[in-house]
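Some notes on the structure that comes next.
The values are calculated or read from the model by the stated rules, or taken from the named source; none is laboratory data. The structure displayed is predicted, hence computed values, not measured ones. Don't worry about glycine lacking a Cβ; one is built from the backbone with ideal geometry, like all the others, and counts go over all protein chains shown.
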Amino acid sequence: MITQLVAQTVVNGINVGALYGLAAVGLSLTFGVMKILNIAHGEFLMVGGYLAFWLLTLRGIDPFVSVPLVAVAVFLLGMICYRFLFAGIARFEEETKVKNSLLVGFGLFLIVPQIARLLWTADVRSITPKYSGESFPLLNVRIAYVPLGGLLIAVVVILALHLLLTKTYFGKSVRGTSENWKAAKLMGINVDRTYLFTFAIGTGLAGVSGVLVGLTQALTPDIGMEWTLKALIVVVLAGIGSVGGAFFAGIILGVVEAAGAIFMGPYAVALGLVIFLLILMLRPQGLFGNE
Amino acid sequence: MNRKTSSLSMGKLFSISGIIVVLLALIPLLTGRTDVITWFTFTLMYVTLSQSWNIIGGYTGQQNLGHAAFFGIGALTARYLWLFGMPLPLALLAGSLAAAAFAIIIGFPAFRLKGVYFVIGTLVLAEILRIVFDTLLPRASVLPSRLLNVYSLTPRYYLNLIIAVLAIGCVYWISRSKFGLGLMSIRENVDAAEASGVNTQKYKLLAFLLSTFMSGLAGGTYAYYASAAQPGYLFSAVWTFDAVIIAFVGGVGTILGPVIGSVFFVLIQQLLSLYLPGGIHVLVFGILFILVVLFLPGGLIGLWKKITGPDSKNGGGRIDSRD
Amino acid sequence: MLKVDQIDVFHGDLQALWGVSLEVGKGELVCLIGANGAGKTTIVESISCLLPPAAGNIWFNGERLNDKPAHKAVQAGICLIPEDKGIFRGMRVLENLELGAFNPDSRRLRYDTFKFVYELFPLLESRKNQIAGSLSGGEQQMVAIGRALMGRPKLLMCDEPSLGLAPIVVKNIFAVIKQICQSGVGILLVEQNVRAALKLAQRGYVIENGRVAGHGDARDLLNDEKVGSAYLGTT
């Protein structure tokens, strides 16, 4: 019986953890490349979730099918936000840039949930396609279809991102710009445009996470900050600049939280936050980072 | 910092302020409407709260997003001590000291974090506290009937008035003192400040202590005001965010900025809540906030200065300028 | 080909260049000499559009480059190898070279350019999967020059290529630079090693305190008394 409990906990932890990882990857990308911490990251996640919800409710589009649609939509939204809000800041030298981008993100964090509340009310929503509750047994545990699908999507998306960054010209230019933007400029890379697309990809990834969050948890206009914090914990745990590491760090966090819930009950929510502070204090470069 | 103030304008300033304070003191006598008095009470509390953040965020340039933690500690401590019979002034003092004590504990590790990590770290810390207290004390603390029966807004109003005046006075003192100069130099460039002999670590901590003490005091006044208070709510990040947006929109790093901001904030909040669902004032202020960050770093005060011009009659008596 | 006309350049509020003018013709090897901090780096940064001039003009093949963003200068055919080499040390040699050909035109022709670069620097081919930061100083310089060539420049600017390198390596680098020039690429060489630079170049400009203090044929400058005492240690 104990082994079943442990195994089920681990499975649940992995499912949630994959979600954490996916949510974090976008933030890690933006922070690593542009040194901008988008504190409104969770808001894009929330919007993505609601988009998928309405696509299902109003048009009957299966949430897994709507993932690419949501990705594109939130990508475009991110482009607009960057162009009008963050682009001017990206030119400043590091300290001002970081501070101002935090403030602008904070402003977005204030505004977006209010708009969401106006548009969609504060009712709790859940994306529940027909096969929602179903699961199949595997060895000792139950594997539910929806979280499994979420896990697969997360893995696929992160692999795709990895391929983008390592195999394509654009991806390489992003990595180069991240390391040395001056050298990038001298190679003819349009750094402003690179930042624009990187930011948009980051938000697009957040949007995809939002779909998964809507599928496996609940959506309200206020979940943004909670998820930004989760993503932050994972980013710091993995180490800035480690995009692949973010996924594994997410899994670790997910499993730790799931285990923690058994022993600590309602306090388990604070567990991730405590880990965050500990990492900041004791091992700032994170588990996989290199700075 | 603009020290070109003649004693004549200073006198003018003090007398105008004095008149305003006297007028404010008369409000409960002029009207019996509880909603108006509540409105003013809240504005005054927000003045104190935003001024407290102004000290650490505006003058010292450390964007502390964990401010709610100190508000909460002050509120919780003051409330329970007062409910157990401690006279109110002592309870308030104890609350503020508790908040400052917590600041000492976390101050050293917190200030080791640089830039964005400090901001996020403080936010996370406050969130941890909120979760802990929310889980530990889920039920709201309600005033017992002996206190509910004699509940009157008036003393609460005057308490907030006095504390708000003290808060403004404190910030005024900071803006004119060597201490304040040191803080502002830290805000502009920490390394340069250190190089010119400012003990940045000490100054940051002192500003932090002052800021959290005042925040705890504000929390205490809220605890006194609220007939029912849920402990988790006392630690809600909303208190931080309100303080930050008020300070920024009003004019961060100025004396009057948070005052104007608070007035504006409560005004918009009350007006909008008449016609639109609650929370909309946050939307308005969020937009204003972004506009201030991107285009108007001086906030409303800065805008006012631009409009009235640097060489207008008011120029000589300017309280301070944020540069 | 390149005509810099009376430019004033500022670093923030500090003026760095006053009325600087210079020219580089097609296939010419021109050097900029002068003391540390004289403004030589500022000049080449301005030509690559990293630092727009506050006054004056920069003309390249008839096109005015003043306010264009840096990547436009690369598109026009100007490549700068900065003092810190301007390569991505965390990425592989091959990736550095690929990114050097980021420009769509260069990208199309990159396989040809690879051949040219590998011929010039066989080491780059043999080490192409190695992380650039793990190479020696001289090898990194090769990567730097290689990636600049991948942009198929018409004008190649080198800022202190000999810095921190052993004399034998420097000799090699200079030989390569000469080779590149002979293939038709214009070169603007910023060098502290004045004697070697003047021996290599056809013409030179002496930069002092942000101004052009003198210019002429390299051989004349080499024999010039003032240049000699200031920079060559001769009397």
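Of all residue pairs spaced 6 or more apart or on separate chains, those with beta-carbon atoms under 9 Å, a first member in segment A:4-19 that is in contact (Cβ under 8 Å) with a residue 60 or more places away in the chain and a second member that is surrounded by fewer than 20 Cβ atoms within 10 Å (Cβ to Cβ) and among the basic types (K, R) are A:Q8/A:R142; A:V11/A:R142. Applying the condition of being surrounded by fewer than 23 Cβ atoms within 10 Å (Cβ to Cβ) and under 19 Å from A:L278 (Cβ atoms) to segment A:206-239 and asking which residue is modelled with the highest pLDDT yields A:L229.
Criterion first (more than 9 Å from chain B (Cβ to nearest Cβ), touching a residue at least 40 places away in the same chain (Cβ under 8 Å) and within 23 Å of A:V208 (Cα to Cα)) does A:L108 satisfy it? Talk me through it step by step, then tell me what you get.
On the way: more than 9 Å from chain B (Cβ to nearest Cβ): no; touching a residue at least 40 places away in the same chain (Cβ under 8 Å): yes; within 23 Å of A:V208 (Cα to Cα): yes.
For A:L108, the condition - more than 9 Å from chain B (Cβ to nearest Cβ), touching a residue at least 40 places away in the same chain (Cβ under 8 Å) and within 23 Å of A:V208 (Cα to Cα) - is not met.
Restricting the search to segment B:103-144, which residues are more than 12 Å from chain A (Cβ to nearest Cβ) and without any contact (Cβ under 8 Å) to a residue 12 or more places away in the chain? Hit for segment B:103-144 is B:I105, nothing else.
Only residues that are assigned to a loop (DSSP other than H, G, I, E, B) and closer than 28 Å to B:L205 by Cβ were counted across segment B:66-89, and they come to 1. With respect to (1) within 12 Å of another protein chain (Cβ to nearest Cβ); (2) out of contact with any Ser or Thr (no Cβ under 6 Å at 6 or more places or on another chain); (3) crowded, with 24+ Cβ neighbours inside 10 Å, the lone exception for C:L155 is condition (1).
Restricting attention to segment A:216-231, the residues that are under 22 Å from A:V11 (Cβ atoms) and charged (D, E, K, R) total 1.
Among residues of segment B:270-305 being more than 13 Å from chain A (Cβ to nearest Cβ) and touching a Phe, Trp or Tyr at 6+ places or on another chain (Cβ under 9 Å), the one that is nearest to B:W39 (Cα to Cα) is B:Q270.
Quick one: which helices (runs of 4 or more DSSP H) sit completely within segment C:119-191 and have at least 1 residues that are touching a residue at least 60 places away in the same chain (Cβ under 8 Å)? Can you show your working first?
Details: elements: C:122-126, C:137-150, C:167-182.
It comes to C:137-150, C:167-182.
Does segment A:159-191 hold any residues that are of a type in the set (D, E, K, R), within 23 Å of the chain's Cα centre (by Cα) and within 10 Å of chain C (Cβ to nearest Cβ), and which are they?
Hits for segment A:159-191 are A:K172, A:R175, A:E179.
Here A:V255 does not qualify as assigned to a helix (DSSP H, G or I) and within 14 Å of chain B (Cβ to nearest Cβ).
C:L80 passes every criterion in (1) touching an Asp or Glu at 6+ places or on another chain (Cβ under 9 Å); (2) more than 7 Å from chain A (Cβ to nearest Cβ) apart from (2). The set of residues in segment B:21-65 being modelled with pLDDT of 85 or more, more than 10 Å from the chain's Cα centre (by Cα), assigned to a helix (DSSP H, G or I) and polar (S, T, N, Q) consists of B:T38, B:T41, B:T43. Only one entry in B:L159, B:L205, B:L166 is closer than 26 Å to B:G253 by Cβ, part of a helix (DSSP H, G or I) and in contact with a helix residue (DSSP H, G or I) (Cβ under 7 Å, 6 or more places away or on another chain), namely B:L205. For C:E98, the conditions (1) under 18 Å from the mean Cα position of the chain (by Cα); (2) of a type outside the set (F, W, Y); (3) facing chain A (nearest Cβ under 8 Å) all hold with the exception of (1).
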